[in-house]
Amino acid sequence: MPAIKILIVDDHPVTREGLHSALDLEEGVQVIGEAASGEEAITKAGDLRPDVVLFTVDESRASISEAIQAGVSGYLLKDASAEELVNAARLAVEGKAVIHPQLTKAFIEEVQFADKRPDVPGLSAREKEILQKVAFGATTKEVAHDLGISPHTVKTHLERIFEKLGANDRAQAVAIAIRSGLVE
């Protein structure tokens with residue numbers, strides 16, 4: 001498997017250098033560039049074609065909401081380890097999302113303020129149960145363990161949930177479900 005190509009974006013040189021150094025120690029990733037601003041990141045992303053762009057931003061509810069609405073595939077705390085960043089990058093490349101469990105509540109609260117409540121098809125009781133657990137940050141393994149089912153069954157339910165909600169990933173499904181009142 002080829003290395004995941006990463007572009008690091010932060011306005012502080014020390015932060016960029018620290019991330020670069022930490023990621024250089026991890027297998028399966030290659031930092032291909034750094035940018036000091038969003039504008040510079042757009043230019044460099046066009047030139048370098050990274051698989052993943054790592055931005056560092058604050059942890060406010062508004063920032064989390066804006067980032068997810070902008071299409072990010074993950075949101076971690078700044079104290080995340082290099083290993084956690086690499087895992088999140090791998091999941092992003094696979095089209096999956098990662099939101100740090102400590103940030104999930106802030107995201108849920110921000111989304112609850114949204115005034116849009118789109119019409120969505122109904123979910124089964126089991127699908128709602130799984131989606132509720134995912135909304136509070138549970139992993140597939142944790143959901144499986146809590147419900148006494150296999151991780152494969154959880155994944156199957158999640159695929160059906162995504163299809164019913166028109167979502168591409170967990171974060172989008174949770175956002176739709178919250179706006180629709182399907183989960184608390």
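The values are calculated or read from the model by the stated rules, or taken from the named source; none is laboratory data. Worth saying up front: this structure is predicted, and the values here are computed from it rather than measured. Heads up, the Cβs are rebuilt from the backbone with ideal geometry, glycines too, and the neighbour counts pull from every protein chain shown. For accessibility, only protein heavy atoms count, side chains too; no ligands or nucleic acids. Shrake-Rupley method; radii C 1.70, N 1.55, O 1.52, S 1.80 Å.
The set of residues in region 47-59 being of a type outside the set (Asp, Glu), part of a loop (DSSP other than H, G, I, E, B) and at pLDDT 85 or above consists of Arg49, Pro50. Just one of Val72, Val31 is open to solvent by less than 80 Å² (accessible area, probe 1.4 Å), modelled with pLDDT under 85 and not in a helix (DSSP H, G or I); which is it? That would be Val72, the only listed residue that is open to solvent by less than 80 Å² (accessible area, probe 1.4 Å), modelled with pLDDT under 85 and not in a helix (DSSP H, G or I).
Here is a list: Ala22, Ala92, Ala88, Ala62. Which entry is in a helix (DSSP H, G or I), modelled with pLDDT of 90 or more and either open to solvent by less than 80 Å² (accessible area, probe 1.4 Å) or of a type outside the set (S, T, N, Q) (or both)? Before the answer, list the steps.
Details: Ala92 fails: modelled with pLDDT of 90 or more; Ala88 fails: modelled with pLDDT of 90 or more; Ala62 fails: modelled with pLDDT of 90 or more.
So the residue among Ala22, Ala92, Ala88, Ala62 that is in a helix (DSSP H, G or I), modelled with pLDDT of 90 or more and either open to solvent by less than 80 Å² (accessible area, probe 1.4 Å) or of a type outside the set (S, T, N, Q) (or both) is Ala22.
His157 fulfils the conditions (1) of a type outside the set (A, V, I, L, M); (2) in contact with an Asp or Glu (Cβ under 9 Å, 6 or more places away or on another chain); (3) surrounded by fewer than 19 Cβ atoms within 10 Å (Cβ to Cβ) except for a single criterion, (3).
Can you tell which of Arg170, Arg126 is in contact with a Phe, Trp or Tyr (Cβ under 9 Å, 6 or more places away or on another chain) and of a type in the set (D, E, K, R)?
Details: Arg126 fails: in contact with a Phe, Trp or Tyr (Cβ under 9 Å, 6 or more places away or on another chain).
Sole residue among the options that is in contact with a Phe, Trp or Tyr (Cβ under 9 Å, 6 or more places away or on another chain) and of a type in the set (D, E, K, R): Arg170.
In the set (1) among the β-branched types (Val, Ile, Thr); (2) in contact with a helix residue (DSSP H, G or I) (Cβ under 7 Å, 6 or more places away or on another chain); (3) modelled with pLDDT of 90 or more, the condition left unmet by Ile176 is number (3). Of all the listed residues (Lys78, Lys116, Lys105, Lys44), the sole one being outside any strand (DSSP E or B), open to solvent by 80 Å² or more (accessible area, probe 1.4 Å) and at pLDDT 75 or above is Lys78.
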